[in-house]
Structures are given as structure tokens and as C-alpha cells.
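Each reported figure results from applying straightforward, stated rules to the coordinates on display, with no laboratory input. Small disclaimer: the values here were computed from a predicted structure and weren't measured. Positions of Cβ are generated from backbone atoms using ideal geometry, with glycine treated the same way; all protein chains shown enter the neighbour counts.
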Amino acid sequence: MYNFKLFDPRPVPAAIATNDQIFAQGPVLGIEVTVPVLAQRCELGNIDPQHTGGDTSTAAIEVALEWPLPPEGAMLATVRADLDSVGAMAVLAMRAEGQITMFLEDEILGDEELSLRIAAVAAADKSKTEEWQGPRPLPTPEDP
């Protein structure tokens with residue numbers, strides 16, 4: 001239903017050409033597109049409450065629950081392939097496919113597990129304003 005792409009944020013000819021190809025493939029909805037020149041070209045808007053919206057209390061994955069659905073075949077693109085931006089893309093795709101049909105105050109009715117996952121992603125993304133604790137080992141099944 002949707003196409004998913006990663007913008008190249010570098011201001012070099014090869015990156016500009018790659019990004020131009022993305023925009024040529026259809027209408028683009030930006031997800032955390034933090035490069036102003038790219039964000040302005042996203043004709044379906046840009047879901048970026050924290051960086052360009054100044055709202056550090058809201059994550060993109062939360063906004064995706066209520067954002068107007070893009071048309072079929074739209075391009076969802078980001079410069080930040082993190083859990084929040086990719087999760088927002090997944091939420092939009094799930095809504096478009098009818099897997100998420102009703103939600104109320106950030107809770108997906110009938111799917112508590114998915115609601116908890118979205119809340120966990122949002123909480124982790126919003127906590128990035130805390131002081132960095134230094135390097136940590138990657139999570140494992142024993143120590144997530």
C-alpha cells in the first residue's frame with residue numbers, strides 16, 4: 001500500500017539526486033524529516049513533533065495514530081531511521097490495512113499489547129533529553 005524510503009541528508013550531488021528520485025515516485029509524507037529543504041518538499045506534510053514542532057512531549061509514533069492517512073501508493077520517507085520514525089510508518093500502514101481501526105487517547109482499542117508497544121517506543125524516544133549515561137551493551141534476550 002505504501003512505499004518506504006530513507007532520505008540522504010547530505011548536501012552533496014549524489015544525495016540530492018537520490019532524494020529527487022524519491023520525490024519523483026509520488027506524494028511524500030515525511031516522518032521526522034529534520035532537514036528543512038527536504039521537509040518543505042514533503043507535499044503530504046511532515047510528522048515531526050519533537051524536532052520541527054518543538055513538542056518534546058510527543059513522539060512521531062503517537063502522532064501517526066491520528067494523522068490523516070496518506071493515499072495508496074504514497075511514499076513515507078525519513079532521514080532518521082530510528083524506532084520512532086519506522087514505528088510511525090508501521091502504525092500508518094497498519095491503519096491503512098485496517099489492523100488499527102479505533103483508538104482513544106493513545107490506546108488502541110482491542111489490542112493492549114500493541115498499545116503498550118507504541119507507548120514504550122514513545123517513552124523511550126521522548127526520554128532522549130536525559131543526560132547520556134555512556135556506552136551500554138546491546139540488549140539480549142536475557143537482559144532486554
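Kindly provide log₁₀ I(q)/I(0) values, in the same order as q = 0.21, 0.29 Å⁻¹, from the Debye equation applied to equal alpha-carbon scatterers of segment 1-48. One equal scatterer on each Cα of segment 1-48 leads to -0.67, -1.25. Note on the chain: GNM, Cα springs under 10 Å; of PRO36, PRO13, PRO49, the largest mean-square fluctuation is that of PRO13.
Residues whose amide H lies under 5 Å from that of ASP111, counting only those 5 or more places away or on a different chain, are absent; hydrogens are built 1.01 Å from N in the peptide plane.
Dipole magnitude of the chain about its Cα centre, charges +1 at Lys/Arg Cβ and -1 at Asp/Glu Cβ only, in debye to the nearest 20? Intermediate results must be reported in sequence, preceding the final value.
On the way: 9 positive and 23 negative charges, 138 e Å.
That gives the chain a dipole magnitude of about 660 debye.
State log₁₀ I(q)/I(0) for segment 3-126 at q = 0.10, 0.13, 0.22 Å⁻¹ as given by the Debye formula over alpha-carbon point scatterers of equal weight, solvent excluded. Each listed q corresponds, in turn, to -0.30, -0.49, -1.26.
Looking at segment 3-126 only, what percent of DSSP beta bridges run antiparallel? Nearest 5 please. Approximately 20 percent, going by the DSSP bridge assignments. Of MET1, MET94, the sequence from fewest to most neighbouring Cβ atoms within 10 angstrom is MET1, MET94.
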